[in-house]
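Peer 1: Let me give you the structure first, and then I'll get to my questions.
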Amino acid sequence: MGELKDKAKGIANEVAGNIKQASDDPRVRAKGVAQERKGEAQNLKGKIKGALGDKI
């Protein structure tokens with residue numbers, strides 16, 4: 001179950017980050033890049049949990 005939760009949070013953060021990157025404000029763009037990276041990490045965590053059977 002944790003696998004799906006992490007993947008869903010990851011996808012949501014990636015989408016929100018991509019939206020922020022479309023801004024004209026450089027600070028908002030930087031926050032968008034950081035949020036996208038966070039989402040990628042969450043998605044990877046979910047994939048690892050799936051491969052290891054939620055034991056981490």
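Peer 1: Looking only at segment 35-56, which residues are touching a residue at least 24 places away in the same chain (Cβ under 8 Å) and part of a helix (DSSP H, G or I)?
Peer 2: Within segment 35-56, the first condition is being touching a residue at least 24 places away in the same chain (Cβ under 8 Å), and the residues that meet it are 38-47, 49-50, 54.
Scanning segment 35-56 gives LYS38, GLY39, GLU40, ALA41, GLN42, ASN43, LEU44, LYS45, GLY46, LYS47, LYS49, GLY50.
Peer 1: Would you say GLY32 is touching a residue at least 40 places away in the same chain (Cβ under 8 Å), surrounded by 13 or more Cβ atoms within 10 Å (Cβ to Cβ) and not basic (Lys, Arg)?
Peer 2: Working: touching a residue at least 40 places away in the same chain (Cβ under 8 Å): no; surrounded by 13 or more Cβ atoms within 10 Å (Cβ to Cβ): yes; not basic (Lys, Arg): yes.
Spelling it out, it is not the case that GLY32 is touching a residue at least 40 places away in the same chain (Cβ under 8 Å), surrounded by 13 or more Cβ atoms within 10 Å (Cβ to Cβ) and not basic (Lys, Arg).
Every number in this text was worked out from the coordinates using simple rules, so none of it is lab data. All values reported here derive from a predicted model rather than from experimental measurement. Cβ atoms come from the backbone with ideal geometry, glycine included; neighbour counts cover every protein chain shown.
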